[in-house]
Amino acid sequence: MLTNEQVHEFERNGFVNGGKVISDAALTELTAALDAVLEKGPDGFDEGEPQPVSFRTLSGDREKPVWQIVNIWEATPAFERLIYHPDVVSGISQLTGDKDLMVWHDQIQYKPAEYGGATTWHQDAPLWPIIKPMTPVSAWIPFDDADEDNGCMWMVPGSHKWGNQIDFLRTQGELKQREDFKNLATFSPPNDADIAQVEAVPWPVKRGEVSFHHSLTWHGSPFNRSGRPRRAIAIHYMTGEARFDAGGDHLMKRFVDLPDGAPMAEAGAHFPSVCRDGVPVGVPAHLSA
Ligand SMILES: O=C(O)CCC(=O)C(=O)O
C-alpha cells in the first residue's frame, strides 16, 4: 500500500517512488533472465519459441544504443510473474483509482555501460494512440541502481497537468547528454496549473524499487557514460475503461482483433488482466511453482 503522502506526491508531481518491492532473490532471478535475453539478441529466438514482441535499438544508433525489449513477459516466466506483482498492481490501482487493470505492454530499456544512448524527452500517452482514454500510470523498476551517472530518468514535476505537449517535446530531441538534459527550451505551462514552471529534475531510483509515473509526465533519460550498465523495465498498465481506437497505430495493434471502441478488456491473451474489483489477481498457478 502506498501512504497518503505518496499518493499526494504523485498527484502533485506526476511521479513517486513506491519503495523497494522486489526481493533480493527475485532481483537475482529477474536480472539473470534479462541477461539471458540480452545475450540471445534480437535474432537469437527460434520460430515458435516464447519471445518478446520486439527487440531493437530505440535510439536508432548502434554506437549509442538503448536496447528496447517489448513484452519480455512473454519470453520468460520470471518477467511474467513480475507483471502480476501485488505491490506494483495495487500501487497502480491506488494511483489510478481504478479497480480493474490489464497489462498494456512492458518494455526493457537497457543502456550499456560507457556508450548507452539517450531516451529523449517525451510523454507516454500520445505515443499510444490505439487506446482511449489514455493509460494513466506506469511502473518503472531498475535492475541496477539508476542515478545521474548511468542515465537515470529525469522528470518535470507537475507536467502531467499540462495536457498533450508531445509536439513541443519532439523539438527537444537534441538534449541527450547528462549535462544538457535539463536545458529544455522556454515553455509556458497553463497559468492555473498547480505547478506552473518548467524544472527538470534527475530521478534516481535504486535497484528493486518501483517508481510510478503518469502517462503525461514529461520524462526521458540521457546517455550512460558511466562504467555501469543501466537495466530497467517499465510496465504500462491499462485501466478497465480503456477502449480500442482502430484509427491509431502501435506495435501492439496486430494483437487486437476488436471493432473500434470495444473494451480492451476483451483484447485477449497479450493483454492479461492483473487486478479485478480492486484485488490483484496474483501470479497464476502455472507460474507460481
Ligand atoms: O527507461 C527509461 O529511461 C525511459 C522509460 C520510459 O520512457 C517510460 O517508462 O515511459
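Derivation of every value follows stated rules applied to the coordinates shown; laboratory data play no part. What you are looking at is a predicted structure, and each value in this text was computed from that prediction instead of being measured. Cβ coordinates were reconstructed from backbone atoms using ideal geometry, including for glycine residues, and neighbour counts include every protein chain displayed.
Brief remarks on what is shown
- Complete set of residues in the range 221-260 that are among the aliphatic types (A, V, I, L, M), within 16 Å of the ligand (Cβ to nearest atom) and closer than 20 Å to Ser273 by Cα: Ile233, Ala234, Ile235, Met238, Leu251, Met252
- Looking across Val205, Val201, one residue alone is among the β-branched types (Val, Ile, Thr) and surrounded by fewer than 16 Cβ atoms within 10 Å (Cβ to Cβ). It is Val201.
- Leading residue by the ranking (farthest from the ligand (Cβ to nearest atom)) among those in the range 111-134 that are polar (S, T, N, Q) and out of contact with any helix residue (DSSP H, G or I) (no Cβ under 7 Å at 6 or more places or on another chain): Thr120
- Tallying residues that are part of a loop (DSSP other than H, G, I, E, B) and surrounded by 13 or more Cβ atoms within 10 Å (Cβ to Cβ) within the range 13-34 yields 3.
- Criterion (over 19 Å from the mean Cα position of the chain (by Cα), surrounded by 21 or more Cβ atoms within 10 Å (Cβ to Cβ) and either more than 27 Å from Asn71 (Cα to Cα) or among the charged types (D, E, K, R) (or both)) met by exactly one of Phe181, Phe168: Phe181
Matching residues to (1) assigned to a helix (DSSP H, G or I); (2) at negative phi:
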position: Ala36; (1), (2): yes, yes
position: Ile69; (1), (2): no, yes
position: Ser93; (1), (2): yes, yes
position: Val103; (1), (2): no, yes
position: Gln107; (1), (2): no, yes
position: Glu114; (1), (2): no, no
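- In summary, Ala234 fulfils each of the numbered conditions (1) in a loop (DSSP other than H, G, I, E, B); (2) surrounded by 14 or more Cβ atoms within 10 Å (Cβ to Cβ); (3) small (Gly, Ala, Ser) with the single exception of condition (1).
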